[in-house]
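The block underneath contains the structure these notes are about, expressed in structure tokens.
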Amino acid sequence: MEAKKCIDSLTVKTSHVLPPDTNAHHTLFGGKLMAHIDDVAAIAAVRHARQVVVTASTDSVDFLAPVKEGDSICVEAFVTWTHHTSMEVFVKAVTEDLITGERKVCATAFLTFVALDEQGKPTVVPPILPETEQQKYLHEGASTRAKRRNERKEQSKEMAALFGSDYPWNVK
């Protein structure tokens, strides 16, 4: 399978932050930003795999600056690494004061997606070809991030087993 360039999966979405998108502080709801992040990252993953994808994990979303009502939010994503059926996608969100033009990175995140075939089973994805220094930097750190994700997933399974699905929790 031929490698694809990171730039080929680049996806960009810009939205105006309106009052229904904001909290009592007149800043964008964190969950709303997370929805933008997942949406744009999923499109980038589909562009790379040219298959249906599902979100397998979201690393921590680091909120670095508030997104104010009236600002725009621009979410950019591209595939940074692949491993058989999965893809790591880097996402950067930039807020812009539309009056002054001031722009700030307001969030970054990594998400993992798995490509699915017509039967809903994981399917092989093309390798990635990083070209720029930034892309190479992200690609080189990806296996370490993947290892951390797998460790976190095991911890999540332990928590699920400990707490179970009963409500209220049956703490043993």
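The values are calculated or read from the model by the stated rules, or taken from the named source; none is laboratory data. No experiment lies behind these values; they were computed from the predicted model shown. With ideal geometry, Cβ positions are generated from the backbone for all residues, glycine too; neighbour counts draw on all protein chains shown.
Taken over the range 55-73, the criterion of being within 30 Å of K121 (Cβ to Cβ) and part of a loop (DSSP other than H, G, I, E, B) is satisfied by D59, S60, V61. Tell me, please, whether a residue that is at pLDDT 95 or above and among the polar types (S, T, N, Q) can be found in the range 59-67. Within the range 59-67 (the criterion being at pLDDT 95 or above and among the polar types (S, T, N, Q)), the answer is no, since none of the residues qualifies.
Within the range 26-40, if we keep just the residues that are touching a Lys or Arg at 6+ places or on another chain (Cβ under 9 Å) and not in a helix (DSSP H, G or I), the residue that is farthest from R103 (Cα to Cα) turns out to be H26. Selection of first residues in the range 24-37 that are at positive phi and of second residues that are among the charged types (D, E, K, R) and modelled with pLDDT of 95 or more, restricted to Cβ pairs under 9 Å at least 6 apart or on distinct chains, gives the following pairs, ordered by first then second residue: H26/K68; H26/E69. Considering the range 117-134, the residues that are over 12 Å from E88 (Cβ atoms) and in contact with a strand residue (DSSP E or B) (Cβ under 7 Å, 6 or more places away or on another chain) include one that is surrounded by the fewest Cβ atoms within 10 Å (Cβ to Cβ), namely E131. Would you say I37 is crowded, with 18+ Cβ neighbours inside 10 Å, farther than 26 Å from S156 by Cα and not aromatic (F, W, Y)? Taking the combined requirement at face value, the residue does not satisfy it.
Looking across the range 75-116, the residues that are under 18 Å from the mean Cα position of the chain (by Cα), under 16 Å from T27 (Cβ atoms) and surrounded by fewer than 23 Cβ atoms within 10 Å (Cβ to Cβ) come down to V94, V105. Among residues of the range 94-114 that are more than 26 Å from H139 (Cβ to Cβ), those with a beta-carbon under 9 Å from a residue that is of a type in the set (S, T, N, Q) and in a strand (DSSP E or B) at least six positions away or on a different chain give the pairs T95/S72; E96/T14; E96/S72; D97/S72; L98/S72; E102/T95.
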